[in-house]
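None of the figures in this text is laboratory data; all of them are computed from the coordinates on show. Remember, predicted model here, so these are calculated numbers, not experimental data. Here the Cβ positions follow ideal geometry from the backbone for every residue, glycine too, while neighbour counts run over all protein chains shown.
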Amino acid sequence: MFYRGSFILSLSILCCVASTAKDKKKIILPADVLRAQTVLVVVDPDAGTSIEDPMANRNARDNVEKALSNWGRFRLVMEASTADLIISIRKGSDRMAQPTIGGIPNNDRPVIYQPSDSGGRVGGRTGTPPTSGDPTAAQPQTPHPQIEAGEPVDTFLVYRGQRDNPLDFPPVWRFMAREALRSPGVPAVDAFRKAIAEAEKQQASQP
């Protein structure tokens, strides 16, 4: 009985050590995300237009783009084909379900003029053919009323770009919180900035 108890205790200690070692090696962000230089910000293509605040998602996207521009780490682009990363955002309504209007394109922006602290941004499409599943090239639909269910808080999801149907893959990083997309602080961008800084520190400490 003594040996059996000692074996179980030793096994438990070994599992704890293995678990601790595994936690220490947990990768915060993969290396290709740290190497990313360009980013496209889109409204979740499945998001409807709020009846109470029709510009909520578009304003949230503008807030995120301005915060990223002020950060200065990434170059903002307008096409999925030139984006190393794609950030999909959706403004929460504080309710699990709300009436919205579906079928209204969220990401149709042929031209952009966006002032910011870093001097502003002017952009336009270059005519590059969209990749399969490009969130900026949604097919036109007929507007229709719907009940939209989802997270009641703001969502900020980061995906790898440069591939077909990028939003069909699992996000490489996510942040969800109430008022996460609110300007001027834009907590989601601040949290992403801290995650990248921590991941770079982790990467530098590895042999």
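In terms of surrounding Cβ atoms within a 10 Å radius of their Cβ, Trp173, Trp71 rank from fewest to most as Trp71, Trp173. Here the residues Glu198, Glu52, Glu65, ranked from fewest to most Cβ neighbours within 10 Å of their Cβ, fall in the order Glu52, Glu198, Glu65. Only beta bridges with both residues in the range 31-205 are counted; by DSSP, about 75 percent of them are antiparallel.
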